Amino acid sequence: MSKITKWDSMEVLHESKNLPIYPHKAKLQRAVKDNSFLVVTGETGSGKTTQLPQYLHQAGFWRDGKIGVTQPRRVAAITVAQRVSEEMHCSLGREVGYQVRFDDCTSEDTVVKYMTDGCLLREILTDPVLSQYSVIILDEVHERSLNTDILLGLLKQTVSSTDEACKGRSLPLKVVVMSATLETDKLSVFLGGCPVFTIPGRSFPVICRFGCAIGEKDTESTVYVKEVVKMALDVHTGEPAGDILVFLTGQSEIEKACDILYEKAESIDYRYDVQDGKVEGLLILPLYGSMPTDQQKQIFQPPPPGIRKCVVATNIAATSLTINGIKYIVDSGFVKQLNHNSRVSMDILEVVPISKSEAQQRAGRAGRTSPGKCFRIYNQEFWEKCMPDYTVPEIQRTSLTSVILTLKCLGVHDVIRFPYLDRPEERFIMEALKQLYQCDAIDRRGKVTALGELMVEFPLPPGLTRALLQAASLGCEDLLLPVAAMLSVENIFIRPGHPEKQKEADKKHRLLAEQAGGCNDFTILLSVFEKCKASDHPSAWCKNHFIHWRALKSAFSVETQLREILVRLQKKRDFPMEKFDGNKSELFRRCLCTGYFTNVARRSVGKVFCTMDGHGSMVHIHPSSTLFDQEAQLDWVIFHDVLVTSRVYLRTVCPIRYDWVKDLLPKLHEVDVYELSSVARQEVTDEEMAKWDSKESAKRQAGVSVEETIKKMEKRNDESSVTDARARYQQRKLERQQRKAP
DNA sequence: GAGCACTGC
C-alpha cells in the first residue's frame, strides 16, 4: 500500500525535459495502452532507454505489474538502473532495481526492473507468462543478441496466442521493442504490423572518408595494421585537437600497431596551434577485453593538456565501452567473428570484413560529444563488394544446442516453425537436436527427458552439464563442479608476448601440471582451482604462476552458483543416484565420458587423431596440452573443444579407455536426418516410431559392430569446410612470407 | 610446437 500512496501523490521532480523523446511522452503512453506491440526507434541520445520506462511508470502501468527492461550487457543494465533511480529520487534496489548474473539488486518494491536479456530468459523458465510484469521493453534489439532474438519470438507467441498461453495473467502483456533506426519495418511486420515510433537522436554529424589502400583483395593483417597506423599519424599531424579511436581485430594486432605508433610518434616533431590549444604529443593506449581491468581504466582518463589520446581497440569500443572526447575514428574494416560450422560441428574464429551497419556504428563513436570524422582505410569498392549490409545475427552463426533445449523446456516442440525474426539454417537445428539426443536431454520423439529438465537449469553447454549430473549421481560432484566452472570462464593460463617471459610461464604451467599428476588437462584445471582457493594470497599465487586472477575469481563465483543449482535440484525426490566402485581418477574420467563422448577422437597415425563424431576430422593435440608430445602413448581421447588455426587442434584433452565409450559410440550415428526433421516438427507418429525401431533392431541383428562403425567414420573424413578455413589461413601465411622475402 | 573478438546465464 505504501508504494501506491507514494507514487500517486508524488510528482516526479527531476525530469529530463530537454531530451528528444520528451515531446512524444503522451503519445508513447497512449500507444502502449492501445497496442500489444510497439516498436520504438531512435539513435543514441534520444533518451529512450532511461525515459520510456519512467513514462510508463507515470502512466500507472506499475500497478498491474513490473515494467521490465532488458539489455544485452550487464554494465548497461546496472548503469542505466542507477541513473533512472536517481532521476526518480529513490534508492537503487527499491522502486528501481536491476538484476544480472551474480547480482540481484531488486526488492519487493521494485516496479522498474532493468536486467540482462539472459536473466529474463531464465525467468521465463519458471514463469512462462511473466505474470509479474505488465510491460516488457526489449532494448538494443538491433544488436540481435541470441537471447534477445529468442525473447522476441517467445513474447510474440505469448502475446499473440489468446487464452491458453496466457493463463495466469489477468491482463495482456505489453511488449515494446526498441531498436536503432535500422530494419524497423521488418520488426513491425514480424510483430503483426504494429506501430513504429521514431524519435530523433541527438548525436553530432560524422564525416566519413574512404581510403584507397585496402581493396577487395587485401585482407592480410600486416597490410591493414600498417595502413591504420599511417592513417592515425596523418590525423595526428593534420587535424585539430580531439582524440583518436582506432579499430583493429585482436590483441596481437593492437600490440603491433601500438609498437609502430610509439616509434613513429616519437620521431614526429609536431605542434598544432589553433583556437582551443595545441597538440604536441600523442598518448597511445591499447584496449582489448583480456587486458587487466586497471589498465583498461586508464583509457577513460583525460589526456594531459596538449596531448592527444589515441586508443587502439578491438570491437569492445564499438558497444561495450564508451570513451569520451573521441573525435576521429580510424576504421580497419575488419573484425574477429566466431562462426559455427555445422558441417564439422566446430566453432571457427575468423577475421572477416565488418558489415556496413557495423561501420556506421563505429563511425558514430566520433560524434557523441561534438562533430567528428571517420577515416576508413578501405575503398568504396571494398565497401560495395566485401561488406554485407548487416551483420549476420548471432542466432544464424552459433551452436544452438542450449537454446533449443531451453525452447523445448518452454513447451516449444516445433523448433523449426518457431517464430524466428531470422530463421537459423535447418541443419543448425538438426545438429542441436542430435547433440541433445546424444546427451539424453531429449528422447527419440524430441520430448525433453527428466534429465533434460535438470540440465536446462545449468548455465553450461549441455555436454558439460551431462558430465556434471553424472558426477553428482555418483557422488563425486566436487571433482566436476570446479572443472565446469573453469571451462566456462576465459582462459586462465597467461602466456605473455615476450619470449623470455613466455618460457618462464611455460615452465610454471608445466610445474602445475606435474603437481596435478600430469595425467590430463581437466585434472590440471581442478588442481589449479583448488590450489588457488587454498592459498592465503590467491592473487599473488596467480601472479606467481602466470594464472589469470580475474578469470579464476569468476570461476569461483561460477562454481558457487553451479553448486547452489545442484543442491536445489538434488532436493527433488527423483534426482538420479547410482553406485560406482573403483578409483576416483577413473570415476572422474568416466563422468567426463558420459558428457563428452561426442567429443571423442582416436589416434590414427603418428600424432594425427581422427574424431569419431561422424565427421571424421583429422585433428592434432594442441601444444599447450599436457598430453602434447605424448601422443605415441595415446589411443582414445576426449576433448573439451577445438581450435582451428593452421591445424585443427584439440584443447583440454583427457585420455580414456575404449571400453568406457564403447557402449555409447553407436549413439553417435544412430539418428538419421529424416528422423531428426520429424522430431524437430513434432510429427512423430506411432507408425514412424515403429519403423525406426524395426530399423534399429535390424541393424543390431545384422551385427553391425562398433569396430565397423569406427572404420566407416574414419573413412568419411568429411572436413572440407574446415579445410576452407585452413586454406585461407595458409594463404595468408604464404602471402606474408612472400612479402618478407624481397 | 603454440597465432582467441565480444557478450550472456
For this session: Can you confirm whether segment A:27-43 contains a residue that is more than 12 Å from DNA strand B (Cβ to nearest atom) and without any contact (Cβ under 8 Å) to a residue 24 or more places away in the chain?
Result: yes
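Pick from A:ASP414, A:ASP440: which is surrounded by fewer than 22 Cβ atoms within 10 Å (Cβ to Cβ) and at positive phi?
A:ASP440
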Among the residues of segment A:408-423, the number that are more than 17 Å from A:SER678 (Cα to Cα) and either touching a Pro at 6+ places or on another chain (Cβ under 7 Å) or not aromatic (Phe, Trp, Tyr) (or both) is 6
Taking segment A:506-522 and keeping residues within 30 Å of the chain's Cα centre (by Cα) and either within 15 Å of DNA strand B (Cβ to nearest atom) or assigned to a helix (DSSP H, G or I) (or both) leaves A:ASP506, A:HIS509, A:LEU512, A:ALA513, A:ASP521, A:PHE522
Going through (1) within 16 Å of DNA strand B (Cβ to nearest atom); (2) free of Cβ contacts under 8 Å to residues at least 24 places away in the same chain; (3) assigned to a loop (DSSP other than H, G, I, E, B) one by one, A:GLU564 fails only at (3)
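Here's the yes/no breakdown for (1) touching a His at 6+ places or on another chain (Cβ under 6 Å); (2) of a type in the set (Gly, Ala, Ser); (3) modelled with pLDDT of 95 or more:
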residue: A:GLY475; (1), (2), (3): no, yes, no
residue: A:MET486; (1), (2), (3): no, no, yes
residue: A:ASN491; (1), (2), (3): no, no, no
residue: A:GLY497; (1), (2), (3): no, yes, no
residue: A:GLN502; (1), (2), (3): no, no, no
residue: A:ALA505; (1), (2), (3): no, yes, no
Here, helices (runs of 4 or more DSSP H) confined to segment A:374-448 with at least 2 residues that are within 16 Å of DNA strand B (Cβ to nearest atom) and more than 18 Å from A:LEU146 (Cα to Cα) are A:426-438
Among the residues of segment A:643-655, the number that are more than 22 Å from A:GLY518 (Cβ to Cβ) and either assigned to a strand (DSSP E or B) or more than 23 Å from the chain's Cα centre (by Cα) (or both) is 4
If we keep only residues of segment A:582-615 that are in a loop (DSSP other than H, G, I, E, B) and within 26 Å of the chain's Cα centre (by Cα), then the residue nearest to DNA strand B (Cβ to nearest atom) is A:ASN599
The one condition A:ILE67 fails out of (1) within 30 Å of A:VAL189 (Cα to Cα); (2) surrounded by 18 or more Cβ atoms within 10 Å (Cβ to Cβ); (3) out of contact with any Phe, Trp or Tyr (no Cβ under 9 Å at 6 or more places or on another chain) is (3)
Residue in segment A:365-373 that is in contact (Cβ under 8 Å) with a residue 12 or more places away in the chain and in a strand (DSSP E or B) present: yes
The one condition A:ALA313 fails out of (1) within 12 Å of DNA strand B (Cβ to nearest atom); (2) in contact (Cβ under 8 Å) with a residue 40 or more places away in the chain; (3) touching an Asp or Glu at 6+ places or on another chain (Cβ under 9 Å) is (3)
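Which residues, taken from segment A:46-86, are within 16 Å of DNA strand B (Cβ to nearest atom) and among the basic types (Lys, Arg)?
Matches in segment A:46-86: A:ARG73, A:ARG74.
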When segment A:329-381 is checked residue by residue, the ones that are touching an Asp or Glu at 6+ places or on another chain (Cβ under 6 Å), among the basic types (Lys, Arg) and surrounded by fewer than 20 Cβ atoms within 10 Å (Cβ to Cβ) are A:LYS356
Here the residues within segment A:319-349 that are within 9 Å of DNA strand B (Cβ to nearest atom) and within 22 Å of A:LYS226 (Cβ to Cβ) are A:VAL335, A:LYS336
Per the filter on segment A:280-300, residues modelled with pLDDT under 90 and either away from DNA strand B (no atom under 16 Å from the Cβ) or assigned by TED's automatic domain parsing to the domain that holds A:GLN71 (or both) are A:GLU280, A:GLY281, A:LEU282
Given (1) in contact with a helix residue (DSSP H, G or I) (Cβ under 6 Å, 6 or more places away or on another chain); (2) under 17 Å from A:PHE210 (Cα atoms); (3) at pLDDT below 95, A:TYR390 misses just (2)
Scanning segment A:112-156 for residues that are in contact with a Pro (Cβ under 8 Å, 6 or more places away or on another chain) and at positive phi gives A:GLU140, A:ARG144
Within segment A:619-643, residues being away from DNA strand B (no atom under 15 Å from the Cβ) and over 24 Å from A:ASP663 (Cβ atoms) number 1
Residue hits (segment A:600-650; basic (Lys, Arg) and either in the same structural domain as A:GLU350 (by TED's automatic domain parsing) or touching a Phe, Trp or Tyr at 6+ places or on another chain (Cβ under 7 Å) (or both)) are A:ARG602, A:ARG603
Across segment A:87-117, the tally of residues that are free of Cβ contacts under 8 Å to residues at least 60 places away in the same chain and not hydroxyl-bearing (Ser, Thr, Tyr) stands at 16
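Inspect all residues belonging to segment A:601-608 and state whether any of them is without any contact (Cβ under 8 Å) to a residue 24 or more places away in the chain and touching a helix residue (DSSP H, G or I) at 6+ places or on another chain (Cβ under 9 Å).
yes
Of all residues in segment A:486-504, count the ones that are basic (Lys, Arg) and more than 9 Å from DNA strand B (Cβ to nearest atom).
1
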Exactly one of A:ILE150, A:ILE67, A:ILE78 is among the aliphatic types (A, V, I, L, M) and closer than 25 Å to A:SER399 by Cα, and that residue is A:ILE150
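The values are calculated or read from the model by the stated rules, or taken from the named source; none is laboratory data. Note that this is a predicted model, so its numbers are computed, not measured. Please note: Cβ atoms are built from the backbone with ideal geometry, for glycine as well, and neighbour counts cover all protein chains shown.
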